[in-house]
Amino acid sequence: MRPLTTAIAAGNCVVMKPSELVPRCAELMQQLVEKYLDPRCFRVVQGAIPETTALLNLRWDHILYTGNGHVGRIVMAAAAKHLTPVTLELGGKSPVVVDETAKIDVAVKRIALMKWAISGQICVNADYVFVHRSKEQEFLEKLKATVLSMTGEDGKGRADDYGLIGSEKHVDRIEHLISTAGGTILCGGTEGIERENRFVPPTVIQRPNFDAPIMQEEIFGPVLPVFPNSHHDCLVLPHVQQEIPLAFYIFSESSRNVEKALNYIQSGGACVNTIFEHLLPETLPLGPSTSPSTFSGGFEPNLWARSMPQQFYRQLLNPIPFVPNWHAGDELSVVQFLSSGGLGESGMGAYHGKFGFDEFSHRRAVFVKSTLPGMQGTMFPLPEAGKPSPDWLYSLLVKLQVGFLPQGLKDSE
């Protein structure tokens, strides 16, 4: 629903088409939209391929799609007929690097918390881990112990809030990925899968085959492959053979290793010593990086959270530079900062001055989390098998999404 709120704020009417693979969520979305929003401006269309195709045949001012690359290509091809701008959020195989300097206890807890939230069905979730060979055994032992403490021996200790797989078809896909992965299964596996209940237990696979199907597509499920790595530079080589992921995560106490990894590995967003949390600040963008096959060598500025002076951070986010000598009526100073770009048949995008720089750049959000003593915990407490989540947790998560203060109070500060 987040894109809906921003589309409304920008003054748009919106037609939404939720996925038919999650019918309960789709039905709830329609109920909420019809209850709270004006039906003259906001509609929900249910259905599958025929309904989606019919919508794509129409002319729109903008199309936003979240899902997989196959359907993303279909959306872009349909949009091209009308020169409709498109926003795509497609996920990918988001890697995690744990180097030789990382604090393993911190890395294990922060990876486990989000990897097995909602059964791993989060677009920016950790897809696989490269851990330094000297830390591999410690990492795997602690990761397995953490998973068992969270979900129990059979993975069902948190069945009420662990989350179900979206569909039986998706269960079958994940089961195939596990059964063909090779390597050593440390916990979980295919034996605990219950197709009719859409349940897949948390699964950790040590050293699967790199050419197996599990490493050729986004897992989007509660399965985590773990590979050893003996040298920091080598971590780049397997990754660059893949498409650019939506997120990249590194756990390290070495600023040199962090800088090298962020410079070498392209991604939509990134986190240092945590995962997922770059999505929380509304001041940081969420979006994929430009594919190197269509645009190569472009500048990829990093927007750092909690790591730059506030004045400089604001300047990065400001699309119009400050002009110290500008006075009212000075037309030349104003015109040089106006964008040149069209809509629909007249074009899309912009390239004047700073707008051109932004057009040929990818703004990557980089979120850095502390590992200092007393600040080594997770975003919220790790769950424990057999114990319900505390009553305050849901309220906290909602506030992390929408903010602790009403927007009016934020604007007045």
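Applying a 10 Å radius around every beta-carbon, put 85-92, 217-224 in order of their mean neighbour count, most first. If you can, show how the numbers build up before the last one.
Values: 85-92: 18.1, 217-224: 23.5.
Ranked from most to least packed, the peptides come out as 217-224, 85-92.
Take the residue pairs LYS115/LYS144; LYS109/LYS144; LYS103/LYS144; LYS135/LYS156; LYS169/LYS387 and return only those whose Cα atoms are more than 22 Å apart.
Exceeds cut-off: LYS135/LYS156; LYS169/LYS387.
Ranked from the most accessible area to the least, with a 1.4 Å probe and all protein chains present, what is the order of MET114, MET1?
I get MET1, MET114, largest accessible area first.
For the stretch 51-138, what is the accessible area per residue in Å² when the probe is 1.4 Å?
Per residue, the stretch 51-138 has 42 Å² of solvent-accessible surface.
Residues with amide H under 5 Å of MET16's amide H, sequence separation 5 or more or different chain, H placed in the peptide plane at 1.01 Å from N; which?
For MET16, the qualifying residues are ARG43, VAL44, VAL45.
Mind giving me the nanometre distance, one decimal, between the label points for SER19 and HIS70, set 7 Å out from Cα along Cα→Cβ?
With each label placed 7 Å out from Cα toward Cβ, I get 1.3 nm.
Whenever you get a sec, compute what percent of the accessible area on the stretch 15-141 sits on carbon and sulfur atoms (1.4 Å probe).
60 percent
Give the lysines reachable from LYS35 as a straight Cα distance under 25 Å; neighbours fewer than 8 places away on the same chain don't count.
Hits, sequence-local ones excluded: LYS17, LYS399.
Compute the distance in nm between two label points, each set 7 Å from the Cα along the Cα-to-Cβ direction, one at ILE118 and one at GLU259.
Placing both labels 7 Å beyond Cα along the Cβ direction yields 3.5 nm.
Estimate the FRET efficiency between ALA80 and PHE210 by the formula 1/(1 + (r/R0)^6), using the beta-carbon distance for r and 25 Å for R0, to the nearest 0.05.
The formula returns an efficiency of 0.10 here.
Explain nothing, just compute: Karplus ³J(HN,Hα) = 6.51 cos²θ - 1.76 cosθ + 1.60, θ = phi - 60°, for every residue of the stretch 45-55 in order, whole Hz, x for Gly and Pro.
In residue order, the calculated couplings are 10, 9, x, 10, 4, x, 5, 5, 4, 4, 5 Hz.
So if R0 is 45 Å, what FRET efficiency would PHE360 and SER389 give, r being the distance between their Cβ atoms, rounded to the nearest 0.05?
0.50
Take each of the peptides 269-276, 132-139, average the number of other beta-carbon atoms within 10 Å over its residues, and list them starting from the highest.
Those peptides, ordered most packed to least, come out 269-276, 132-139.
The values are calculated or read from the model by the stated rules, or taken from the named source; none is laboratory data. Computed from a predicted structure; not experimentally measured. Virtual Cβ from ideal backbone geometry, glycine too; neighbours counted across all protein chains shown. For accessibility, only protein heavy atoms count, side chains too; no ligands or nucleic acids. Shrake-Rupley method; radii C 1.70, N 1.55, O 1.52, S 1.80 Å.
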